[in-house]
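The values are calculated or read from the model by the stated rules, or taken from the named source; none is laboratory data. As the structure is a computational prediction, the values presented were derived from the model and not from experiment. So basically every Cβ, Gly included, is an ideal-geometry build from the backbone, and we count neighbours across all protein chains shown.
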Amino acid sequence: MRSVMAPKIVMNSRSNLPLREVYEEFVFSRKVQGCTETTVQNYKDRIHNVSKYLDIDMQLCNLTKRHLEEMICKMRDAGLAHNTIASYVRSLRTFLLWCSKEGLTNVIIPQIKERETVKQTYSDEELELLLKRPKPTCEFGEFRDWVIINFLMNCGCRASTVRNIQIQDVDLERRQIVFRHNKNGRVQTVPLCSSMVTILNEYMRIRRGKMDDYLFCDIYGGMLTENALRLAIVHYNRRRGVQMTSIHAFRHTFAKKYLIDCGGNAFTLQRLLGHSTLEMTKRYCAVFDADAAKNFDTFSPLEHLKREQIKKHK
């Protein structure tokens, strides 16, 4: 019986280029495919981080599986978290799969499965401090930051979404807002609760601006940069006595409270978070098991035993 040989990739001359230059071609291809600015920037950041553990000036044709294995070992020796390494490897794997389709290399890096971690969330006590209305005499920046935090707890959106919302995207009459710059590129309509409608109504009277202006702007009316928004929340939280300053933690907090405290379901949460699949939502909220948490006293063996003891001693 004849053995069937796997088709061999015929390398073209571009495989003689440094890995760095080929990676730039890959990033350009992501732009052409319509990846968001954030996604493209993430790819750029990844190669910068990987370059500390892998010689990206070597010719792509000289790259071997051994180089990649040594890179992972160096990352572990440097003390990088498991999930950080997994994210670097995932981006590099996407790059190498693209190279394979382009006929540049047949080297593929094995995927590293991310470990589930407990999502960092704000406590109710911290939220009470952060959601307390600022004084009427406060500066615009503080009032805007207060509105942003209320907004994050209304819909759990990403920081990049907050930065890209325009005034024309807000429909207070219909109590909804349109997100046109989601991570997955899809347009999404999200509801606004009554409290958020009231808050936005006041904020928009103060903010003013044209329909195509950004809703949450800097003091000059322009778009908030990623760093400006991050620093604004850092300073706001610390002034309120809250040491945690993560913007993304508001997204986790929204998911947790929606599922456990508010009795929401994963299907609706998927739409609210803008996830492409339910699997993403399940993984995202794996530690927030609402079904197990609800009415647990009814099913808890310990609670049952405690109640029986109380009955006996009555």
Please enumerate the residues belonging to the range 45-88 that are without any contact (Cβ under 8 Å) to a residue 12 or more places away in the chain and buried (at least 17 other Cβ atoms within 10 Å of the Cβ).
-> LEU80
Could you tell me whether any residue of the range 9-28 is of a type outside the set (Phe, Trp, Tyr), assigned to a loop (DSSP other than H, G, I, E, B) and surrounded by 17 or more Cβ atoms within 10 Å (Cβ to Cβ)?
-> no
In the range 28-49, residue modelled with the highest pLDDT [restricted to those that are under 20 Å from the mean Cα position of the chain (by Cα) and hydrophobic (A, V, I, L, M, F, W, C)] = ILE47
Run down LEU63, LEU54 and say which single residue is in contact with a helix residue (DSSP H, G or I) (Cβ under 8 Å, 6 or more places away or on another chain), over 16 Å from THR94 (Cα atoms) and assigned by TED's automatic domain parsing to the domain that holds SER91.
-> LEU54
Checked against (1) assigned to a helix (DSSP H, G or I); (2) at pLDDT 95 or above, TYR53 satisfies every condition except (1)
Inspect the range 100-121 for any residue being under 24 Å from the mean Cα position of the chain (by Cα), part of a helix (DSSP H, G or I) and surrounded by 14 or more Cβ atoms within 10 Å (Cβ to Cβ) and give the result as yes or no.
-> no
Checking LEU131, LEU172, LEU152 in turn, the sole residue that is aliphatic (A, V, I, L, M), closer than 25 Å to THR268 by Cα and in contact with a Leu (Cβ under 9 Å, 6 or more places away or on another chain) turns out to be LEU172
Subset of the range 226-253 (residues that are among the polar types (S, T, N, Q) and in contact (Cβ under 8 Å) with a residue 40 or more places away in the chain) | ASN237, SER246, THR253
Listed residues CYS193, CYS217, CYS155, CYS138; which is closer than 16 Å to HIS248 by Cα and in the same structural domain as GLY241 (by TED's automatic domain parsing)?
-> CYS155
Just name the residue that is nearest to CYS155 (Cα to Cα) out of those in the range 239-253 that are in a helix (DSSP H, G or I) and modelled with pLDDT under 95.
-> ARG251
